Amino acid sequence: MILAIDVGNTNIVLGGIENGEQVFAVRLASDRNKTADQYALDIQGVLNLHHVDIPQIEGGIISSVVPYLQSVLPQAVKILTGIDIMVVGPGIKTGLDIKTDNPAAVGSDLIVAAVAAKAKYKLPIAIVDMGTATTLSVINEEGSYLGGMIIPGLWVSINALSSIAAQLPYIDLTGPCKLIGRNTVDAMRAGSLIGCASMLDGILERLESEFGKPVTAVLTGGVSPLVAPYCNKKFLLEPDILIEGLNLLYEKNKKNDK
């Protein structure tokens, strides 16, 4: 089994993959105050929960947008298993032709998702990852990574609104949502969920107009299941596509090491 770890600003997704198949995937809070020893205990708890013994772990790979955790989590895995895991970054072979102004500056999470989507779906592809930020990555017909967008995340937006507007409360987005809210909470929920879905529909429509053909749209990230039901365009919901991408990168680079 290999451990695949994707670190975002809000959550850490920890997956276990065996023979190319995902065995488990759990979400932990990204905590910059924890030490490697504390994370080792967290990982051990996850493995115990899923009845995985330490000797079963043969390798691992991590992508991280949090520099501190990019060093701490590999230390944690080393403490627990004695294994040095791969880190997605310079030196990792991705197979992507990255056409941005500075390819080295593209976030590792965007690269991982693009690798998985390219391997799985018809080109061109738009990948929307809804986390702390909502990011859009675009891959053209030739398989080149062109770039994308960075948009304030759904929770960031609604919490900022609630913190600045004195009469607007902090709300839960998991409740029912109708187009026309008849009270403050329902109006905020509609604006957040349906507004976000409409934004995604509009972006995809513009991309298809620019390419002159249909674009495969992939939706992932922690809040994506809340938004997907309100999209009019077809978005393929892939909550664990980053785990799949990490597995592909692990296998690609493991072979290259031999």
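The values are calculated or read from the model by the stated rules, or taken from the named source; none is laboratory data. None of the values given here were measured: they were computed from a predicted structure. Every residue, glycine among them, receives a Cβ derived from its backbone with ideal geometry; neighbour counts consider all protein chains shown. What goes into the accessible areas is simple: the full protein's heavy atoms, side chains included, and nothing from ligands, DNA or RNA. Shrake-Rupley method; radii C 1.70, N 1.55, O 1.52, S 1.80 Å.
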Using each residue's phi in the range 106-115, evaluate 6.51 cos²θ - 1.76 cosθ + 1.60 at θ = phi - 60° and report the 3J(HN,Hα) Karplus result to the nearest Hz, with x for Gly and Pro.
5, x, 4, 5, 5, 5, 4, 5, 5, 4
Longest segment of the chain lacking GluC sites (Glu not before Pro) that sit in a DSSP loop with at most 13 other Cβ atoms within 10 Å
143-258
Tell me which label goes with the value of volume of the Cα convex hull per residue in Å³ computed from the coordinates here: (i) 113; (ii) 141; (iii) 128.
(ii)
Using helices alone, what [θ] at 222 nm do you get for the chain, with -39,500 (n - 2.57) per DSSP H run of 4 or more residues, divided over all residues and rounded to the nearest 500?
-13000 deg cm²/dmol
Within a Gaussian network of the chain (alpha carbon springs, distance under 10 Å), most fluctuating of Ile61, Ile139, Ile150:
Ile150
Helix 241-257 versus the longest principal axis of the chain: what is the Cα-based angle in degrees, 0 to 90, to the nearest 10?
30
Can you sort Met1, Met199 by solvent-accessible area, 1.4 Å probe, largest first?
Met199, Met1
Inter-label distance for Ala166 and Arg182, nm, one decimal - labels placed 7 Å from Cα along Cα-to-Cβ:
3.0
Give the ranking of Phe235, Phe24, Phe211 by solvent-accessible surface, highest area first, calculated with a 1.4 Å probe.
Phe211, Phe235, Phe24
For Arg182, Arg32, write out the residues from largest to smallest accessible area, computed with a 1.4 angstrom probe and no ligands counted.
Arg182, Arg32
